[in-house]
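The values are calculated or read from the model by the stated rules, or taken from the named source; none is laboratory data. Small disclaimer: the values here were computed from a predicted structure and weren't measured. Note that each Cβ is placed from the backbone with ideal geometry, even for glycine, and that neighbours are counted across all protein chains shown. We work out accessible area using only protein heavy atoms, side chains counted, and drop any ligands, DNA or RNA first. Shrake-Rupley method; radii C 1.70, N 1.55, O 1.52, S 1.80 Å.
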Amino acid sequence: MAIIKTTYNRRSFLKTTALAGGGMMIGFSWLTGCQPAPEAGLEIPKEWFEINSFLKIGENGVVTIMSPNPEFGQNVKTAMPMIVAEELDVDWKNVIVEQAPFNTDLYTRQMAGGSQSIRQGWQGLRMAGATARQMLREAAAQAWQVPVEEISTEAGVLYHKNSDKSAGYGEMAAAAANIPVPEEVQLKEVKDFKIIGKSRKNVDGLKIVTGQPLFGVDYSRDGMLIAMIAHPPAFGMKLKSVDDSAARNMPGIKDIFTIKTYEDDYERNAFDTNTFPELVAIVGNTTWEVMNAKKALRIEWEPFSDYSETVNSWGGKQDVRIPAGLESTTAHITKMAEMAAKPGNVLRKDGDPEAAFKNAAKVIERTYTAPFLAHNCMEPMNFFAHVTADKAELAGPLQAPEFIEQTLSARLGMPLEKIDIQMTRMGGGFGRRAYSHHMVEAAVISQKVNAPVKLLYTREDDMTFGIYRPAYHATYRAALDADNKLIAYHVKAGGIPESPLGRAANRFPAGAVDNYLAEEWAIASNITIGAFRAPRSNFLAGAEQSFLDEVAEAAGKDPIEFRLELLERAQNNPVGETNDYEAARYAGVLELAREKSGWGQEAPNVFRGVAAYFCHNSYVAHVLDLTIENGAPRVEKVCCAIDCGIVINPDAAANMAEGAIVDGIGNAFFGAMTFKEGVPEKNNFDNYRMIRMSEAPRAIDVHFVQNDIDPTGMGEPPFPPIFGAVANALYKATGKRSYNQPFLGEKPVLG
Amino acid sequence: MAIFNLNINGKKQQVDVDPNTPILWVLRDHLNLVGTKYGCGIAQCGACTIHLGEVAMRSCMLPISVVGNQPITTIEGLSENGDHPVQKAWLDHDVAQCGYCQTGQIMNAAAFLKANPNPSDEEIEAAMNGNICRCGTYTRIKAAIKTAAAG
Ligand code: FES
Ligand code: FES
């Protein structure tokens, strides 16, 4: 059994007041109330005994477990407490889950991003449960006057076999709360897990299907006003003047004014992306009244000139130039092709690629593009704020409160102790809510009107506010020798305004080819970008995996066999030392997908594509079956194999993978944001095409590689490779390769 | 502004609002029924679906002035304890990811199944195509509808 020292984040295990009232501001727990779901039939205890900041136990044995991280559909609110419950050794039926307050002193990393919640939370969550269990055992040992080693536990009950004594956790909770935190604890063996690895239902399931308030938009407070913003209609523009004479006197309108989200000289961090520094705010009694007043504003906008801002990314200061101009997608396409024709910035070079290409029997060169994408979270950006002279209360959907709290503190001139941020359930995130400028906007507006305010973006505001997935372009070249062996590989990739490549230059097939070259470039832009589910990988995987498919075909090899041969090379005799993947695990998912899909045995008129990728510490392979119905492609089935180590909640993890697959198919087929003279050409779901039920796969099978490896990422890794699987299946169905996303857009968007 | 008498989830409600106000905002801002969601405001996503009589409607483009005394059902009134067959099927299949679209999906599915208790896959797809799920839970939604139909 693993014995772990509790020095790791020891503060979490010390008693705190966090559980007493939901954070430092008592009485502000409207969304986190610990009422169990009615069907759970749990008796609420008369008294709670706090064991550590992650859990408290009632005198009747009911346990409340805090879920530290924000929830946006990845289901951590169920999975993270399951890990605590496992080590506590309690019956899951007796567990109530609450969203923890935002307090990184207690809960360390409270962030939804990078598919890291479970991976980085794993150790701390296990220890929170294990230390509590240890304290309960100590309490029982003292009560029964027996050695602690002789106390065992099962499903929330303490046992002393020799004396035939037993007691529920509730009976020992009061005493356990006063036991000193142990210096070291035992963690369970993976084989002894009873909760982890068994599917449990979403703890918010009933609230979701009955429409109870859960989301930021549902937040309400007595005397709360509604606010909206108006932002420039085009990138490259700024506010010139506002005429609010018609709007100001409309019914229900309280105030109209302009705000600056940040002070002019503010040194922003990498997540303070501020697309439109100055906005018009409209504040009133109700949403409809504010929407109408917003339409009645007469605002003049003007082009801005080039400017620079200092971005302070955790100590690394950078001056970023924002170019002036009204950009268009057509010009972007031309510019990207021009950049791609010039030498790029070399990221990695193995062997002598130039010579290998010169001596090759066959050279294949292909170019891939993808457009900007909007996140389009189903719940538009919004935030509640109540800022008074001595405190700031914030509540709303955000992925990374720790990225924005300093920003807010600087903007309000208020120390962190006076700021309380509550994390509501998010109606989607996908990276977009790692950027919380809207929280600062809400706070500034509340301060100005001196009232509680809920800021709501309309769908149009949300979709045209930037922070998009960048536009990308990549050219791949492969050299085959006379024996159809891959002897050289060259990738040159870039984008607006960033390259997708970076550290991914060290990913497969780097390490599997003797002569390898990776280069990148970027074009500056005033269109803002941000993390979008599996940043950069979400383009690279599709391009690279389509290209490898084409190379395999040119080499006369089965596409899975071709990849496995390369992976075998990388495993046995890798080229270079900085390869960022484990070839055996990569091959493992391909083999599992091959087996589970019945590769090579597809039915007539079913067209198959395969793709695999490694990102966010996990490995995923997809086999996608497509048919042509009434002249249009329909995904019949996706068979997906994932190696993300130990899976906490298998059915919920499968749901995540299904979602990533549907999301990927939708974006591969239809996803695109385009621009004309700086104006986003799509602003709502009538013109931004989203995947719908009749376009989703008829079936999705998700298979997990069974192993005892500590859990790795799950929310993002199944997303990138689906683009490749779609492209490769489309080729089989149509005989034509798809190089430019979106593959089925009404009009080809790029290229 | 004008006074309107509404019949919502079997209860009489009175509000004083602009006659053009969509029912969505009457529910959310005036009656504190926030299960009905705003997603697009232009009848393109289905997040705001309610029942007007027995018909599924997008409440974001339904002005209060045209409702009259037709009964409105929202997700809060679909069942007393969340035990409508469609809600139960949703829980069985653990459909939700973020959950934001799901009340609209459920309201749409409930009205659809009432009109067509035994639908084919194609009919389910056609009926549900107006409801976007950004998280991509479509395969589970379809499975849950079939479970609910099977009773
Ligand atoms: S909000 Fe009504 S259909 Fe989208
Ligand atoms: S569950 Fe998130 S939009 Fe449907």
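Somewhere in the range A:546-556, is a residue at pLDDT 95 or above and either assigned to a loop (DSSP other than H, G, I, E, B) or of a type in the set (Lys, Arg) (or both)? Looking through the range A:546-556, at least one residue is at pLDDT 95 or above and either assigned to a loop (DSSP other than H, G, I, E, B) or of a type in the set (Lys, Arg) (or both). For the range A:628-652, give me the residue count where each residue is touching a Phe, Trp or Tyr at 6+ places or on another chain (Cβ under 7 Å) and within 14 Å of chain B (Cβ to nearest Cβ). Result for the range A:628-652: 1. Evaluating A:Tyr472 against the criteria (1) away from ligand 2 (no atom under 16 Å from the Cβ); (2) in contact (Cβ under 8 Å) with a residue 60 or more places away in the chain; (3) open to solvent by 10 Å² or more (accessible area, probe 1.4 Å) leaves one unmet condition, (3).
Table: residues versus (1) surrounded by fewer than 21 Cβ atoms within 10 Å (Cβ to Cβ); (2) within 16 Å of ligand 1 (Cβ to nearest atom); (3) among the charged types (D, E, K, R); (4) within 21 Å of A:Gly428 (Cβ to Cβ).
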position: B:Asn81; (1), (2), (3), (4): yes, no, no, no
position: B:Val86; (1), (2), (3), (4): no, no, no, no
position: B:Trp90; (1), (2), (3), (4): no, no, no, yes
position: B:Gly99; (1), (2), (3), (4): no, yes, no, yes
position: B:Gln102; (1), (2), (3), (4): no, yes, no, yes
position: B:Ala111; (1), (2), (3), (4): no, yes, no, no
position: B:Met128; (1), (2), (3), (4): no, yes, no, yes
position: B:Ile145; (1), (2), (3), (4): no, no, no, no
position: B:Ala149; (1), (2), (3), (4): yes, no, no, no
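The strands (runs of 3 or more DSSP E) located wholly in the range B:1-100 that include 3 or more residues which are aliphatic (A, V, I, L, M) and more than 16 Å from ligand 2 (Cβ to nearest atom) occupy B:2-8, B:55-58. Restricting the first member to the range A:624-642 and to residues that are not assigned by TED's automatic domain parsing to the domain that holds A:Ala584, and the second to residues that are surrounded by fewer than 24 Cβ atoms within 10 Å (Cβ to Cβ) and part of a strand (DSSP E or B), no beta-carbon pair is closer than 6 Å while six or more apart or on different chains. Restricting attention to the range A:569-583, the residues that are farther than 21 Å from A:Ile642 by Cβ and either part of a helix (DSSP H, G or I) or open to solvent by 60 Å² or more (accessible area, probe 1.4 Å) (or both) total 6.
For the range B:131-143, a residue qualifies if it is open to solvent by 10 Å² or more (accessible area, probe 1.4 Å) and at the interface with another protein chain (Cβ under 8 Å from one of its Cβ atoms), and the qualifying residues are B:Arg134, B:Thr139, B:Arg140, B:Lys142. Would the range A:14-23 turn up any residue that is open to solvent by less than 50 Å² (accessible area, probe 1.4 Å), modelled with pLDDT of 50 or more and either within 14 Å of chain B (Cβ to nearest Cβ) or closer than 17 Å to A:Asn103 by Cβ (or both)? No: the range A:14-23 contains no residue that is open to solvent by less than 50 Å² (accessible area, probe 1.4 Å), modelled with pLDDT of 50 or more and either within 14 Å of chain B (Cβ to nearest Cβ) or closer than 17 Å to A:Asn103 by Cβ (or both).
Within the range A:595-652, the set of residues being open to solvent by 10 Å² or more (accessible area, probe 1.4 Å), under 24 Å from the mean Cα position of the chain (by Cα) and under 19 Å from A:Ala727 (Cβ atoms) comprises just one member, A:Phe614.
For the range A:447-544, the strands (runs of 3 or more DSSP E) that sit wholly inside it and include 1 or more residues that are small (Gly, Ala, Ser) and in contact with a Pro (Cβ under 8 Å, 6 or more places away or on another chain) are A:471-480, A:486-496, A:515-522. Screening the range B:34-56 for residues that are surrounded by fewer than 22 Cβ atoms within 10 Å (Cβ to Cβ) and in contact with a helix residue (DSSP H, G or I) (Cβ under 8 Å, 6 or more places away or on another chain) and picking the one that is nearest to the other protein chains (Cβ to nearest Cβ) gives B:Ile42. Taking the range A:405-430 as the range and being open to solvent by 10 Å² or more (accessible area, probe 1.4 Å) and touching a Lys or Arg at 6+ places or on another chain (Cβ under 7 Å) as the test, the residues that pass are A:Lys418, A:Phe430.
In the set (1) away from ligand 1 (no atom under 16 Å from the Cβ); (2) out of contact with any Asp or Glu (no Cβ under 7 Å at 6 or more places or on another chain); (3) not polar (S, T, N, Q), the condition left unmet by B:Arg58 is number (1). If the condition is being touching a residue at least 60 places away in the same chain (Cβ under 8 Å) and polar (S, T, N, Q), then the range B:50-95 contributes B:Ser65, B:Asn69, B:Gln70, B:Thr73, B:Thr74. Residues of the range B:24-53 that are more than 11 Å from the chain's Cα centre (by Cα) and either of a type in the set (Val, Ile, Thr) or more than 12 Å from ligand 1 (Cβ to nearest atom) (or both): B:Val26, B:Asp29, B:His30, B:Leu31, B:Asn32, B:Leu33, B:Val34, B:Ile42, B:Gly53. Considering the range B:12-33, and only residues there that are free of Cβ contacts under 8 Å to residues at least 12 places away in the same chain and more than 8 Å from chain A (Cβ to nearest Cβ), the residue that is most open to solvent (accessible area, probe 1.4 Å) turns out to be B:Lys12. Within the range A:331-358, the set of residues being surrounded by fewer than 13 Cβ atoms within 10 Å (Cβ to Cβ) and polar (S, T, N, Q) comprises just one member, A:Thr334. Restricting attention to the range A:325-348, the residues being more than 17 Å from A:Gly502 (Cα to Cα) and in contact with a Phe, Trp or Tyr (Cβ under 8 Å, 6 or more places away or on another chain) number 6. For the range A:293-394, the strands (runs of 3 or more DSSP E) that sit wholly inside it and include 3 or more residues that are within 23 Å of A:Asn667 (Cα to Cα) and in contact with a helix residue (DSSP H, G or I) (Cβ under 8 Å, 6 or more places away or on another chain) are A:362-370.
For the range B:75-103, a residue qualifies if it is over 18 Å from A:Phe72 (Cβ atoms) and either in contact with a Gly (Cβ under 6 Å, 6 or more places away or on another chain) or among the aliphatic types (A, V, I, L, M) (or both), and the qualifying residues are B:Ile75, B:Glu76, B:Leu78, B:Val86, B:Ala89, B:Leu91.
Being within 16 Å of ligand 2 (Cβ to nearest atom) and outside any loop (DSSP other than H, G, I, E, B) is not true of A:Arg411. When the range A:414-431 is filtered for residues that are over 22 Å from A:Glu379 (Cα atoms) and part of a loop (DSSP other than H, G, I, E, B), the ones remaining, listed by number, are A:Met414, A:Pro415.
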